[in-house]
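Following: one structure in structure tokens, then a few remarks.
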Amino acid sequence: GVNVQVACTLDGRLVWVSTPFEGRHHDIHCLRKSGILQGRDTTSWLADKGYIGSDMITPFRKPRKREQPRWQKEYNFQHNKIRVAVERAIAHLKTWRILHTDYRRPFNTFTATITAVIGLYFYARSE
């Protein structure tokens with residue numbers, strides 16, 4: 001599998017998609033390797049639990065063998081309510097036929113293919 005990092009506006013418009021990384025890497029590792037974080041203040045960026053420990057705004061994890069405090073549950077609810085548009089954009093990206101069906105070309109061509117598809121997507125949006 002592969003790991004692709006995505007940045008969206010809060011209204012769900014894709015603004016950046018990374019090149020694919022091997023799927024065995026954690027999300028935050030791939031985001032750091034992508035270079036998008038360099039020189040940017042990410043303290044106002046919303047992210048999911050895969051980015052806990054970064055400077056981004058993330059939900060709280062549920063403590064092991066304990067209940068999560070009510071205020072943390074409410075915080076997570078509000079956080080996820082905002083991120084719904086982003087998750088929808090990611091889901092839309094995953095429905096593209098070339099990403100949704102089995103990739104039938106040699107796997108080493110996948111990076112070039114997804115890069116071309118993403119380039120075409122942004123080209124079509126710029127018109």
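Quick notes
- Remark: pairs (first residue in segment 63-77, closer than 20 Å to Ala47 by Cβ; second residue open to solvent by 80 Å² or more (accessible area, probe 1.4 Å) and assigned to a loop (DSSP other than H, G, I, E, B); Cβ separation under 8 Å; 6+ apart in sequence or on different chains) = Gln68/Lys62.
- Count of segment 46-62 residues which are free of Cβ contacts under 8 Å to residues at least 24 places away in the same chain, outside any loop (DSSP other than H, G, I, E, B) and open to solvent by less than 60 Å² (accessible area, probe 1.4 Å): 1
- Flag if Ile28 is more than 30 Å from Phe107 (Cβ to Cβ) and either part of a helix (DSSP H, G or I) or small (Gly, Ala, Ser) (or both): no
- Within segment 7-45, tally of residues that are in contact (Cβ under 8 Å) with a residue 40 or more places away in the chain, among the aliphatic types (A, V, I, L, M) and surrounded by fewer than 17 Cβ atoms within 10 Å (Cβ to Cβ): 1
- Test result for Ile82, assigned to a helix (DSSP H, G or I) and surrounded by 14 or more Cβ atoms within 10 Å (Cβ to Cβ): no
The values are calculated or read from the model by the stated rules, or taken from the named source; none is laboratory data. Because the structure is predicted, anything quoted here is derived from the model rather than measured. Please note: Cβ atoms are built from the backbone with ideal geometry, for glycine as well, and neighbour counts cover all protein chains shown. Side chains included, ligands, DNA and RNA excluded: accessible areas come from the protein's heavy atoms. Shrake-Rupley method; radii C 1.70, N 1.55, O 1.52, S 1.80 Å.
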